[in-house]
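The values are calculated or read from the model by the stated rules, or taken from the named source; none is laboratory data. No experiment lies behind these values; they were computed from the predicted model shown. Please note: Cβ atoms are built from the backbone with ideal geometry, for glycine as well, and neighbour counts cover all protein chains shown. These accessible areas exclude ligands, DNA and RNA; they are computed on the full protein's heavy atoms, side chains included. Shrake-Rupley method; radii C 1.70, N 1.55, O 1.52, S 1.80 Å.
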Amino acid sequence: SLHAIQLQCNHCQLVTEAGFETIVTALPVSCTSATLSFNCCRHLGRRCFEVLEEKHRITGLDGDFSFVDTHMEASLQMRLRAVRWWDEAAFNDAVVKDCLRSGGLANNSKLRQLFHEWDANSNGRLDKAE
């Protein structure tokens, strides 16, 4: 049975979201790892992310996914590169913590205030327990 697949369809202008969904849906349940690259496929967008989320929920599919220069939002592309891309809350927490650490949100006093409230031991970072 198939456990992993690698598929590159870069610059395939005829690939649609429905076609992508057909490809991913057809992967057997035993396939839990995939490297999928659909860079420069202009017709692909948010629906592809939703299809991958659903496939992960059903079969645990994980892997490396690339949708550069498509209609998929940059935030979803960034999320697909995260270790736990399917966990929206964990991803959002990681992004906020990274922004706070890097000073990217330095002008947002409310977020800074919340950070200091969460930073129970005042070490300047959010530990797992916090």
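Before moving on, here are some points about what is shown:
- Hits in segment 27-54 (condition: open to solvent by less than 70 Å² (accessible area, probe 1.4 Å) and of a type in the set (A, V, I, L, M)): L27, A34, L36, L44, V51, L52
Results for (1) modelled with pLDDT of 80 or more; (2) closer than 24 Å to S33 by Cβ, shown as yes or no for each residue.
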site: H71; (1), (2): yes, no
site: L80; (1), (2): yes, yes
site: V96; (1), (2): no, no
site: L100; (1), (2): no, no
site: G103; (1), (2): no, no
site: R112; (1), (2): no, no
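- Residues in segment 55-67 that are within 13 Å of the chain's Cα centre (by Cα) and open to solvent by 30 Å² or more (accessible area, probe 1.4 Å): H56, D62, D64, S66.
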